[in-house]
Amino acid sequence: MPNDPITSIPGIGTNVARPSRLGDGLITKLGTLLTSALEDVASVEVRTFTSEASDSALAATGDPLTATTRLRAFTRIAIDGDTQICVPLRATGEPDEALWKLHTEAVAGAREDRAKTIASAIALVKELAGSNR
């Protein structure tokens, strides 16, 4: 029965390798990028350095942190809220209020950036999953 429409055609309904879609590679790369971004936002670290070198001397090195710098303040905030801080002190033992203010502003900015990164990652996952919730 060569003209019988019910007769199976070879290759139809069998496991035939499909050619990859154009977006498959992009989705894989986005997944890798997303994984890396989520690992990075697991904690926020802000380090504040000072230096007695002039601006031109710092610029000449290419990387100011390789010049003569001194770590003056440090904050680490884990995703669960656990926080470690190092407050800058003057030679008298009193807190350096001006430096601390600069540092806390940098911490606030870093926390805001982390929140935006997490929100963007969630939105991307929802978009890729086809969910609009």
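In table form, for the structure just shown:
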item	result
Meets criteria (surrounded by 14 or more Cβ atoms within 10 Å (Cβ to Cβ) and at pLDDT below 75) for Val46	no
The stretch 121-133, residues that are touching a residue at least 24 places away in the same chain (Cβ under 8 Å) and either loosely packed, with under 15 Cβ neighbours inside 10 Å or in contact with a Phe, Trp or Tyr (Cβ under 9 Å, 6 or more places away or on another chain) (or both)	Val125, Leu128
Cβ pairs under 9 Å, 6+ apart, first in the stretch 77-88 and closer than 13 Å to Arg111 by Cα, second outside any strand (DSSP E or B) and modelled with pLDDT of 90 or more	Ile77/Val107; Ile77/Ala110; Ile77/Arg111
Residue list for the stretch 82-104, filter: part of a helix (DSSP H, G or I) and surrounded by 12 or more Cβ atoms within 10 Å (Cβ to Cβ)	Leu99, Trp100, Leu102, His103, Thr104
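The values are calculated or read from the model by the stated rules, or taken from the named source; none is laboratory data. Model, not experiment: these values are computed from the prediction. When we count neighbours, we look across all protein chains shown, and the Cβ atoms used for this are built from the backbone with ideal geometry, even at glycine.
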